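What follows is a structure written as C-alpha cells; I'll ask about it next.
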Amino acid sequence: MRKVPLLIFACLFIACAPTACYADEVVMINGDRITGTVVRKEGDELIFKTTYAGDLKIAWSKVLRVTAESPMSVVLSDQSTVSARIIGRPPPEPPSEAADTEPPLEVATPAPPPTELIAYINAGPGFDVLGVRWKGRINVGARGARGNTETEDLHIDGEAVARRAKDRYTITGALDRGKDRDVVTKQNSRLSGKYDLFLQPTWYGYGLLTIEEDRFRDIDLRTTVGAGIGHQLIETERVNMSIEGGLNHVRANFSVAPDESYPAARWALKYERRLFDADVQFFHAHELLTDITDSERSFFRSQTGLRVPLLQRLLATAQLNADFDNKPAPGKTKSDRTYLFTLGYQW
C-alpha cells in the first residue's frame, strides 16, 4: 500500500515541476510566429530549423523579431560583432484597459540590434570578424618506388574561398610532377583566381584569370583572362550549384607549335552535394572555352569525384580529371584523363 502514495507523489511532482522549453521564436511582420531553432542568417535569408518542416528559408526583410534561448553570434553591417538573444523590434501589444495602479519602474537595458543592421547570425566555423567566411581544402597524392622500378609521382591541388555578403574570392591550383628513372614523365600546373560581385542575391558578375603550363601538351604558358555573369542556383550546407557564362581572351605560347591568341566564349558549371544525409560529398565542375572566330578551336576540362571525411578535418578524395583540346599542338592527342586518390585537409 505504501507504493500508491509514493506513486501519486511522484506524478504530482512531475506535473507541477516547471518544464523547460528550449525553443527559439521568429515573429514575422504580419504577426505570424514560428518556433524552432535559429541556424544562421546569411545574405537575405534566415535559416530556421523546425521539427515539422525541417529547415525553413525565411526572407529576412519579412522578419520583425528573433528571440533565442541561447545567445546568438551576430555580425552587424559595420563589421562589428555582438552577442544577443533578441534581435529586432517587439511585436505590437494589444491595447489594454487603463489600470489604477502605477506602472512598475522600468530598468534601462540595451536595446536589441535592429534587423536592418544584421549582416550575419551564427555564421559558424571559418568566419572572421570582418564578415568573411573562409572555406577551402588542400589535397596531396604521392607515389614512389625504388629498386628494379624507380618512379616518382606527386600531385597537389587546392581551393580557397573567401565569401562575404556581397562578394566572393576564389583561388584554385593544381600541380603534377612525375619521373621514371630520372626521366620526366609528367609536368603540368594551373593557377586560377576569380572574383564574384553579387549584384542580386543569386546573380553576380565575375572576373577571372587562369595561367597554366603542360610540358607534354607543348603548352609553355597559356593565359586566360575574362569576365561574365554567374547565377548561384543553390548555396546551402548540403548543396552548392552555380553556372557561369562570359567572354575571355586566350593567349597560348607553345614550345614548338606557333603561338595563338584569340577571343573565346566561356561556359562553366560547379556542383557539390552531400549524399544520404552524410558528410560524403559528390562534386563535379567543368569549363568550356570556344574560339569565337574558329568554333573548331575549343578546350574542355572537368573534375568529378567523391570526398569522404576521415578524422576531424581530414578527408580522402577519389576523382577523375578529363581534359579535351579539339585542336591540340601537332603530334599531341586531343584528350587526357587522370585518375586521382588523395588525402587532404579541409577548413
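Since every read-out is calculated from the coordinates, none of them should be taken as a lab result. Note that this is a predicted model, so its numbers are computed, not measured. As a convention, Cβ positions derive from the backbone with ideal geometry for all residues, glycine included, and neighbour counts pool all protein chains shown.
Calculate, in whole percent, how much of the Cα-Cα pair population of the stretch 110-204 lies beyond 20 Å.
Details: 2639 of 4465 pairs.
Percent of Cα pairs beyond 20 Å in the stretch 110-204: 59.
Counting residues in the stretch 173-301 as N, plug N into 2.2 N^0.38 Å and put the Cα Rg over that result. Could you put the intermediate results ahead of the total?
Values: Rg = 17.3 Å, N = 129, 2.2 N^0.38 = 13.9 Å.
In units of the 2.2 N^0.38 Å rule of thumb, it is 1.24.
Just want the ordering: 32, 182, from fewest to most Cβ atoms lying within 10 Å of their own Cβ. Each step should come with its number before you reach the end.
On the way: 32 10, 182 7.
With the sparsest Cβ surroundings first, the list reads 182, 32.
Now, a different point. Mind listing the long-range amide H neighbours of residue 40? Cut-off is under 5 Å, sequence gap 5 or more, other chains count too, H placed in the peptide plane at 1.01 Å from N.
47
For residue 61 and residue 180, FRET efficiency with R0 = 51 Å and r from the beta-carbon atoms, rounded to 0.05?
Numbers: r = 62 Å, r/R0 = 1.21.
Approximately 0.25, to the nearest 0.05.
Continuing with the same structure: Arranged by the count of other C-beta atoms within 10 angstrom, fewest first, what order do 284, 249 take?
Values: 284 16, 249 12.
Ordered by Cβ neighbours within 10 Å, fewest first: 249, 284.
Let me ask you something else. What's the angle, to the nearest 10 degrees (0 to 90), between helix 3-16's Cα axis and the longest principal axis of the chain?
70 degrees
Continuing with this model, one more query. Check each of the GluC sites (Glu not before Pro) in the stretch 118-218 and keep only those in coil by DSSP with at most 13 other C-beta atoms within 10 angstrom; list them in order. Please list the in-between numbers first.
Numbers: sites: 150, 152, 159, 212, 213; in loops: 150.
Loop-located and lightly packed - 150.
Return the equivalent ellipsoid semi-axes of the chain as a descending list in whole Å, where each equals the square root of 5 times an eigenvalue of the C-alpha gyration tensor. If you can, show how the numbers build up before the last one.
Numbers: eigenvalues 607, 146, 51 Å².
So the equivalent ellipsoid measures 55, 27, 16 Å along its semi-axes.
Select from the stretch 227-310 those chymotrypsin sites (Phe, Trp or Tyr not before Pro) which occupy a DSSP coil region and have at most 10 other Cβ atoms within 10 Å, ordered by residue number. Present the calculation step by step, with values, prior to reporting the outcome.
On the way: sites: 254, 267, 271, 276, 282, 283, 299, 300; in loops: 276.
Those that pass, being in a loop and sparsely packed, are 276.
Can you give the direction-averaged projected area of the convex hull of the alpha-carbon atoms in the stretch 230-329, in nm²? Don't skip to the answer; put the middle values down first.
Values: hull surface 33.1 nm².
For the Cα atoms of the stretch 230-329, the hull's average projected area reads 8.3 nm².
Going by Cα centres, the stretch 268-326 and the stretch 168-192 are how many Å apart?
The stretch 268-326 and the stretch 168-192 have Cα centres separated by 17 Å.
Where in the stretch 254-347 are there GluC sites (Glu not before Pro) that are in a DSSP coil and have at most 10 other Cβ atoms within 10 angstrom of their Cβ? Before the final figure, lay out each step's value.
Numbers: sites: 260, 272, 287, 296; in loops: 296.
Passing both the DSSP loop test and the Cβ count: 296.
Hey, another quick one. How would 161, 184, 38, 26 line up from fewest to most surrounding beta-carbon atoms within 10 angstrom?
Numbers: 161 18, 184 12, 38 21, 26 24.
Going from sparsest to densest Cβ surroundings: 184, 161, 38, 26.
If you don't mind, another one. What pairs from 166/327; 62/194; 179/270; 135/327; 41/270; 135/166 go past 28 Å between their alpha carbons?
On the way: 166/327 39 Å; 62/194 33 Å; 179/270 32 Å; 135/327 36 Å; 41/270 23 Å; 135/166 16 Å.
Listed pairs above 28 Å: 166/327; 62/194; 179/270; 135/327.
Skipping prolines and chain starts, which residues have an amide H placed within reach, meaning under 5 Å, of the one on residue 280, given they are 5 or more residues away or on another chain?
275
Using a 10 Å Cβ count of at most 15 others and DSSP loop calls, identify the longest part of the chain lacking such trypsin sites (Lys or Arg not before Pro). If you can, show how the numbers build up before the last one.
Numbers: sites that count: 2, 146, 166, 181, 238, 313, 334.
In short, 3-145.
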